[in-house]
Every structure is written in C-alpha cells, then in structure tokens.
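Notes follow once the structure below has been shown.
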Amino acid sequence: EWQVAEARALVCTLDGWSVVDTMVVPTKTPDKKLIFGRGTLEQLTERIRGLPEITAVFLNVERLATPTKKDLEAAWRVPVFDRFTVVLHIFRCNARTKEARLQVALAELPLLRSHLKSNVAHLGGRGRSSRYTMGSGESFLQLQQRLLRDREAKIQKALERLRCKRRLLGQQRRRREFPVVSVVGYTNCGEGRRQGQGRVPGPSPGRS
C-alpha cells in the first residue's frame, strides 16, 4: 500500500498529471524484455484500453529496457514511463538554475544512449542502417556515440566552471561570516517551496 501511495504522490508532483486508476501486479526483472507474464499483460491491456481517460501509464520500476517500453507502448497505445523517466521529468520541470539544467541534461545521457542502441538495432534488423556515414569510417552508431561523449564532456566542463565559481563565492561568504543553510529533501517533499519562503522551519514539537 505504501508503495502505491508513494507512486501516486510521485506522479501528482507534476502539474497537469493525475492518477485515474491503480493496479498491483507481479513483475519480472525490469531489464528483461518480457516484464509481465502473458496473462498479466492481457489483463493490463484490456484494462488500459477499456479506460479512454488513461493517456499514459506509469510502471513503478526503476528502469525499463527500451525494447520493453516500445512493446508496451505498442500494445497499450499510450506512452509508458518508469521511475527514472518520471523523476527526470520532475527535475526538468523544476530546474531553474543553469547548474540544475546542466545536471538534468547530464542525467538524460544514459537514457539517450539506451534509445540509440535500440533504434540502431531496430534499423539494422530491417536492413535500413548503412555501415559507414559519409565516408568517415564511422558507423552511424559510432558517430552518435561520439557526439554523446562530446556532449557529456561539454556539460562536465560547464559544471566544473560553475563549481569553481561556487567555491569562490563560498570562500567570500566565509570571510564575511555569512550564515549558510542547506535544504535537503526528497523529490516531492516541498523543499523548493520552503526555499521560496526564505526560511527553514524548525522541528515540530515532540519530533527530532
């Protein structure tokens, strides 16, 4: 029950998202292509297609293999999200600073790499992928992987510049004896709202 409640709260964190139905079913290993048994999949498909108000499905598993995600979307005819993509979307929607946007872009790279390998395998299986790209000696997959590595390196350099700037500002604050407050919270616990209020509340009576 607490897992269902936590999953509902996670989805409802996003503006415009709501939960219209929940269902608890057994699952296999999320990185396998067949995450559900045949009977469970048929039951889910019937239920999802029978509710037109369902426009997306959230599976409360850490990561779905890309082929699994595509197969489920084809069967259910709606987008399918796992915890990784939902949390990433929450971060993306709430990224206000340059560093936050860079961190989200960095976190997206494993997902892009996974989709790339799946798409290349799909095209190769249908005879649509060329071995080399424009005489460069690189296959399409190698070219895209290199571009992603270049993108990752640029993001890491930009983050390091911001960290250096923050360290410098921190040194200046310490010299001036400015107080420093850290706010730590889970994805949807409201830490951003607390920051906006300009204060951090103390512990409630009787709680530590």
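Listed here are the residues, each with its yes/no results for (1) charged (D, E, K, R); (2) surrounded by 13 or more Cβ atoms within 10 Å (Cβ to Cβ); (3) touching a residue at least 40 places away in the same chain (Cβ under 8 Å); (4) in the same structural domain as PRO79 (by TED's automatic domain parsing).
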| site | (1), (2), (3), (4) |
| --- | --- |
| LEU10 | no, yes, yes, yes |
| TRP17 | no, yes, no, yes |
| MET23 | no, no, no, yes |
| PRO26 | no, no, no, yes |
| ARG38 | yes, no, no, yes |
| LEU44 | no, yes, no, yes |
| ARG47 | yes, yes, no, yes |
| GLY50 | no, no, no, yes |
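Just to be sure, is VAL104 touching a Lys or Arg at 6+ places or on another chain (Cβ under 9 Å), free of Cβ contacts under 8 Å to residues at least 40 places away in the same chain and assigned by TED's automatic domain parsing to the domain that holds LEU143?
Against the criterion (touching a Lys or Arg at 6+ places or on another chain (Cβ under 9 Å), free of Cβ contacts under 8 Å to residues at least 40 places away in the same chain and assigned by TED's automatic domain parsing to the domain that holds LEU143), VAL104 qualifies.
Among the helices (runs of 4 or more DSSP H) contained in segment 1-97, which hold 2 or more residues that are within 18 Å of the chain's Cα centre (by Cα) and either among the hydroxyl-bearing types (Ser, Thr, Tyr) or on the phi > 0 side of the Ramachandran plot (or both)?
Working: elements: 2-12, 38-49, 66-76, 83-94.
Here the list reads 66-76.
The values are calculated or read from the model by the stated rules, or taken from the named source; none is laboratory data. Being a predicted model, the structure only gives us computed values, none of them experimental. FYI the Cβ positions are ideal-geometry reconstructions off the backbone, even for glycines, and counts take in every protein chain you see.
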